[in-house]
1. When the accessible area of the stretch 46-146 is split by element with a 1.4 Å probe, what percent falls to carbon and sulfur?
2. Taking 0.36 nm per residue of sequence separation and subtracting the Cα-Cα distance, how much length would be gained by fully extending the chain between Ala80 and Arg108, in nm to one decimal?
3. What whole number of Å gives the distance from the Cα centroid of the stretch 31-103 to the Cα centroid of the stretch 113-149?
4. Treat each spin label as a single point 7 Å out from the Cα along the C-beta direction, and report the Asn227 to Asp150 distance in nm.
5. Which sequence of His43, His199, His157 reflects their accessible areas, 1.4 Å probe, from the largest down?
6. Could you work out how much longer the chain between Arg116 and Ile213 gets when fully extended? Use 0.36 nm per residue separation minus the Cα distance between them, nm to one decimal.
7. Modelled label-to-label distance, Phe98 and Asp123, 7 Å Cα→beta-carbon offset: nm?
8. Assign unit charges at the C-beta atoms only (+1 for Lys and Arg, -1 for Asp and Glu), then state the dipole size of the stretch 71-196 relative to its Cα centre in Debye, rounded to the nearest 20.
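The values are calculated or read from the model by the stated rules, or taken from the named source; none is laboratory data. Remember, it's a predicted structure, so these values are computed and weren't measured experimentally. Neighbour counts are summed over all protein chains in view; Cβ atoms, including those assigned to glycine, are modelled from backbone coordinates with ideal geometry. Note: areas computed on protein heavy atoms with side chains; ligands, DNA, RNA excluded. Shrake-Rupley method; radii C 1.70, N 1.55, O 1.52, S 1.80 Å.
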Amino acid sequence: MKRAVETKAASGAAPIPYSPEEVAEIFRRFAVQRPSPTTELEHTNLYTLLVAVVMSAQMTDTGVNRATRGLFPRASDPAAMVALGEDAIREAIRTITFANAKSKNVFRLSQILVERYGGKVPDTREALEALPGVGRKTANVILNTGFGKDTLAVDTHIFRLGNRLKLAPGKTPEEVEEGFLKIIPEGFLKNAHHWILLHGRYVCKARKPDCGICVIADLCRADEKWNDVPAPLKELPVSGPGLQGVPQDRVAG
Ligand code: SF4
């Protein structure tokens, strides 16, 4: 008999159709598949990561990387970026979307980092979100990838998977974020952002998911699932690769 997770992902939301064991198993498999996931945005330090993430709004990582390969060798810290100037930044990133607004934001946020933070990237959500061009998603990426905090930035892939797989349904990125944070076992939180994002980018794609190569196909309850795989596992491991550090009460439900 399947049990539903009593999630409070979004107030008033129905329980999701996965047991705690199944949720843990999904993330255990992601952990085995990608033991050390990280961002595909090229960067040389925390500051260039921040700039790359600011530039990635409405833009593919590949497109951002193409632009920053010409920019970061010339300016890899806030002071150098300010010295480079807004016009030169705009010219360097002219191939990406909203180049005008993004070059303005990068220039201004670099000025603020120099003036208020000694050229360092701050490690609090409040300080990050106060920077031009930095919203909750960007702050979450920096807190997670840069400072190792258990945050989950909801991008287009994570929003789609939260809803498609019914793991963290929500109408807004905040609802999906809240839903995932409620169900992901603690030991998996640090890497969950990249696991879900990469799964969405390379397997559970927007137009047609590649269910035939999906490592969680037997567990998945997406309406879009098209392959015929065995019924969900009845007995699931409560230890093993990827489960270290996961509180057993969360795993065993
Ligand atoms: S089985 Fe298909 S729909 Fe489900 S997670 Fe895998 S790729 Fe996505």
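1. Ligands and nucleic acids excluded, carbon and sulfur reach 50 percent.
2. Value of the extension gain: 8.8 nm.
3. 15
4. Once both label points are built, they end up 3.2 nm from each other.
5. Descending order: His43, His157, His199.
6. Numbers: separation 97, 0.36 × 97 = 34.92 nm, distance 4.85 nm.
The Arg116-Ile213 span can extend by a further 30.1 nm.
7. 2.9
8. In total the dipole reaches around 320 debye.
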